[in-house]
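The values are calculated or read from the model by the stated rules, or taken from the named source; none is laboratory data. All of these numbers come straight from a predicted model, not from anything done at the bench. Please note: Cβ atoms are built from the backbone with ideal geometry, for glycine as well, and neighbour counts cover all protein chains shown. Accessible surface is based on the protein model in full, side chains and every heavy atom, while ligands, DNA and RNA are left aside. Shrake-Rupley method; radii C 1.70, N 1.55, O 1.52, S 1.80 Å.
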Amino acid sequence: MSVEPNHVQEVENSWKKVAALGVENVGVLLFKNIFTIAPEALELFSFRNEPNLYDSLTLKAHGVNVVNTVGKAVAGLREFYTLVPALAALGERHVEYGILEPHYDVVGKALLMTLEQGLGDAFTPQVKEAWSIVYEAVAVTMKGDHYKK
């Protein structure tokens, strides 16, 4: 399924509401969801041994970075082709960090959970579908040929 204009509109509108919750809050919630789905993923991060994990300045900074990157991607969706080089480079860096192909599914699920928690009743089936389609396009672009067998 391809990203259609109505998907972009749903993502843009819902992102405004999520971003209004604060990038740090959304980032911490996203990582809570990632580690709920895949506790072993914590081992991939430098903040893995920090006490009070969700109060960690390092986790919060990384969460802010991730949420800001999502925001930049959302802002560029209407001209997705302009995002492709940056997403491909980001994907290449993630291979170097030890990110495996199945991790993209974990992040996708965690993102949807975060959106649902942040949007509440505004997380409609249309919003979920739009984010699922957009995230898949982003993930495919980031994975590129890095995981070809």
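Based on the mean of other Cβ atoms within 10 Å per residue, sort peptides 15-21, 2-8, 32-38 so the most packed one is first.
Put in order of decreasing packing, that is 32-38, 15-21, 2-8.
Give me the percent of accessible area attributable to carbon and sulfur for the stretch 37-95, probe 1.4 angstrom.
Roughly 57 percent, rounded to a whole number.
So the label point goes 7 Å from the Cα of residue 140 along Cα→C-beta, right? Which residues of the stretch 91-118 then have their backbone N under 15 Å from it?
What the label zone holds, given the 15 Å backbone N cut-off, is 105.
For the pair residue 21 and residue 84, how long in nm is the line joining their label points, each one 7 Å along Cα→Cβ?
Those two pseudo-labels are separated by 3.3 nm.
Could you tell me the extents of the stretch 38-123's C-alpha atoms along the three principal axes, largest first, rounded to whole Å?
42, 38, 24
What would the Debye formula give as log10 I(q)/I(0) at q = 0.13, 0.17, 0.19 Å⁻¹ for the alpha-carbon point model of the stretch 80-147, no solvent?
-0.41, -0.65, -0.77
Only residues of the stretch 122-149 count here: report those whose backbone N is under 20 Å from the spot 7 Å along Cα→Cβ of residue 92, or say none.
Those under the cut-off are 138-149.
Averaged per residue, what accessible area in Å² does the chain show with a 1.4 Å probe, protein chains only?
About 57 Å² of surface per residue is accessible.
Which log10 I(q)/I(0) values, to two decimals, does the stretch 2-149 give at q = 0.16, 0.21 Å⁻¹ under the Debye formula with one point per Cα?
One equal scatterer on each Cα of the stretch 2-149 leads to -0.89, -1.51.
Calculated from DSSP H runs of 4 or more alone, at -39500 (n - 2.57) each and per residue, what is the 222 nm mean residue ellipticity of the chain, nearest 500?
It lands at -22500 deg cm²/dmol.
Taking the Cα centre of the chain as the origin and placing charges on Cβ (Lys, Arg +1; Asp, Glu -1), which of 81, 124, 2 is farthest toward the positive end of the dipole?
81
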